[in-house]
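The values are calculated or read from the model by the stated rules, or taken from the named source; none is laboratory data. The model shown is predicted, which means the values in this text are computed figures rather than measured ones. We place every Cβ from the backbone using ideal geometry, glycine too, and count neighbours over all the protein chains shown. SASA here: full protein model, heavy atoms, side chains in, ligands and nucleic acids out. Shrake-Rupley method; radii C 1.70, N 1.55, O 1.52, S 1.80 Å.
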Amino acid sequence: GAIQIACVDSVDEESFYAKNRHPAERIRRHDQYDQYVYHEVVPFVRAKGRTGARITTLGASFGAYHAANFGLRHPDVVDKVVAFSGKYDIHNFLDGYWDELCYFHCPTANVPNMTDEWVGKLNTMDHCIVTGQTDNILSGTTDMLRILNEKGIRNRGSVWDAPYGHDWPWWKEQIRTYVP
């Protein structure tokens, strides 16, 4: 009874991956998902677990983006972000479209501009942004770690030496370090 796991699927097929929709619709659909997790899933998990404790977000690949983005946006409900092999810049999903909503869902855009007050809130969390040296999107992790470090956001980011890369066998091993 010490650990409770809630697996929440994304709506990426209706948002970021929905190339048949205008990018403004895609980002609005993603924001609806973010609000659903914040206003419905988090309270459900807390009620089910009979606790007001904050939650840990965990994700791999594009799930790493979701975990990190949610944690960076909602430090009031998140205590830890564990993100494996992610890409945290959403520009390539938006076909050149950009507005305020895109900005606030793009950690590589908004984190560099966060206020000291917001950074203080983020520094109450444990940020684990991790990948392996042979990851095909290594720069996604290294860019995010650079941004966190430049902004003074404490993190346990790491790039594991080869052969670690972008795949489940590596994440299975890495998770033991970051989610004991």
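A few points about this structure:
- Projected over all directions and averaged, the alpha-carbon convex hull of the stretch 1-78 occupies 5.3 nm².
- Solvent-accessible surface (1.4 angstrom probe) belonging to Lys121, in square angstrom, nearest 10: 90
- When nucleic acids and ligands are ignored and a 1.4 Å probe is applied, His91 ends up with an accessible area of around 90 Å².
- Solvent-accessible ranking of Trp171, Trp160, Trp118, largest area first, probe 1.4 Å: Trp118, Trp160, Trp171
- For the stretch 9-114, GluC sites (Glu not before Pro) meeting the loop criterion (DSSP other than H, G, I, E, B) and having at most 10 other Cβ atoms within 10 Å: Glu13.
- Label-point separation in nm, Ile3 to Asn136, each point 7 Å along Cα→Cβ: 2.9
- Other-chain or far-sequence residues with amide H under 5 Å of Ser158's (modelled H): Ile129, Val130, Thr131
- The HN-Hα couplings worked out from phi for the stretch 160-168 by the Karplus form 6.51 cos²θ - 1.76 cosθ + 1.60 (θ = phi - 60°) are 6, 4, 4, x, 4, x, 9, 6, 4 Hz, whole numbers, x standing for Gly and Pro.
- Label point 7 Å beyond Cα of Trp168 along Cβ direction - residues of the stretch 56-74 with amide nitrogen under 16 Å: 59-64
- Each part reduced to its alpha carbon centroid, the stretch 30-68 and the stretch 118-180 end up 19 Å apart.
- Residues in the stretch 28-61 that a label on Arg21 would reach, taking backbone N under 20 Å of a point 7 Å out along Cα→Cβ: 28-41
- Structure note, pairs Lys19/Lys172; Lys19/Lys80; Lys48/Lys172; Lys151/Lys172; Lys87/Lys151; Lys19/Lys87: Cα-Cα distances above 25 angstrom occur for Lys19/Lys172; Lys19/Lys80; Lys48/Lys172; Lys151/Lys172.
- Accessible-area order (highest first, 1.4 angstrom probe) of the listed residues Val45, Val111: Val45, Val111
- For the chain: Kirkwood Rh in Å [reciprocal of mean 1/r, alpha carbons]: 16.7
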